[in-house]
Amino acid sequence: MSAEIVLSVRNLSKLFDGKPPVKAVDGISFQLAKGEVLGLLGLNGAGKTTTIQMLMGTLTYTSGSIHYFGQDFLKHRKDILRRVVFASTYASLPWLLTIEQNLKVFGRLAGLSGLMINERADPLLERFGILDKKKKPVSSLSSGQITRLMLVKAFLPMPDIVLLDEPTASLDPDMAQDVLAFLQGERKKRGLSILFASHRMDEVSELCDRVIFLHKGQIVADDKPEILARSVSRYKLRLHVGDGLKRSMSLAEKMQLSFAVNERVIEVTLDEGQIPTFLMALGQAGVFYSSIKILEPSLEDYFLMMARKKS
């Protein structure tokens, strides 16, 4: 059976007035299935934020259509936004209000009763480690604590879809991992669907089932993270050289390979088919190494490759 589609975007475009006009988003189409995590990647100015703003209804689109749960977003915006939420490191909250007051305001706006807000707020605050700050004004929180509060606010109404824009950008690695674990848990428990925009490629690889890459407002790639990574032919060969480091460097230069050296470790960037040739040449040159590691291309390598191609 095919997966249930909870978000369908068709030929979506956004044109900003100017001389000449600027097409920030140019006819993109994609779908998000129930329980799916979809990554949204692209260089700065690629159209990611504009796309998310249109999906939230804070920016009107020029042409195309957005359907949530089979309903036209323009016609059913109020009902849909009770089931779709947004969270970002860069969003702001009323600074003079306490955490508790903020959650009561936004909970009411989401259609929750006072009882529901009280029942849901404390477990979420505890889960994100800020329950002890409940009576504190937002102005007293660190950037990481504000980010966690944004996530608490987003999950207070128990959404079906969450749109996340750089949700871990201000978090320490351990807290960022905790957020990813929370998202995975919500997805498994409730079939949560997530649109995940981030510049942390390791997180995208870990969390996302599929990745869309935007360039100048157009989708130029749409596939699984591991498939996109494999489209990069460049591998990294890391060797700890006991004897013959200079000869290793000379061979890399002769084969016109880029490399980096850190003490006795040399890391050479090369195509997959060049690996056996380079290793054979090292042996013939009498180079001795105690360890070898072949690093396959990652999603970050793909991102950098696309950045070079599209710049």
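When the residues of segment 25-76 are filtered to those that are basic (Lys, Arg) and modelled with pLDDT of 95 or more, the one that is farthest from LEU156 (Cα to Cα) is LYS75. If we scan segment 236-243, do we find a residue that is outside the structural domain of GLY45 (by TED's automatic domain parsing), modelled with pLDDT of 90 or more, of a type in the set (Asp, Glu) and surrounded by fewer than 16 Cβ atoms within 10 Å (Cβ to Cβ)? Yes, segment 236-243 has at least one match.
Residue-wise test of (1) surrounded by 15 or more Cβ atoms within 10 Å (Cβ to Cβ); (2) over 27 Å from GLU203 (Cα atoms); (3) under 21 Å from the mean Cα position of the chain (by Cα).
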{"position": "THR51", "(1), (2), (3)": "yes, no, yes"}
{"position": "LEU81", "(1), (2), (3)": "yes, no, no"}
{"position": "THR98", "(1), (2), (3)": "yes, yes, no"}
{"position": "ARG108", "(1), (2), (3)": "no, yes, no"}
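Checked across segment 139-154, the condition of being in a strand (DSSP E or B) and farther than 22 Å from ILE5 by Cα holds for no residue. Answer with yes or no whether SER92 is free of Cβ contacts under 8 Å to residues at least 60 places away in the same chain, of a type in the set (Gly, Ala, Ser) and either farther than 17 Å from GLY27 by Cα or surrounded by fewer than 17 Cβ atoms within 10 Å (Cβ to Cβ) (or both). Answer is yes for this residue. Of the strands (runs of 3 or more DSSP E) that lie entirely inside segment 184-302, those containing 1 or more residues that are under 23 Å from GLY42 (Cα atoms) and free of Cβ contacts under 8 Å to residues at least 40 places away in the same chain span 218-223.
The values are calculated or read from the model by the stated rules, or taken from the named source; none is laboratory data. Remember, it's a predicted structure, so these values are computed and weren't measured experimentally. Every residue, glycine among them, receives a Cβ derived from its backbone with ideal geometry; neighbour counts consider all protein chains shown.
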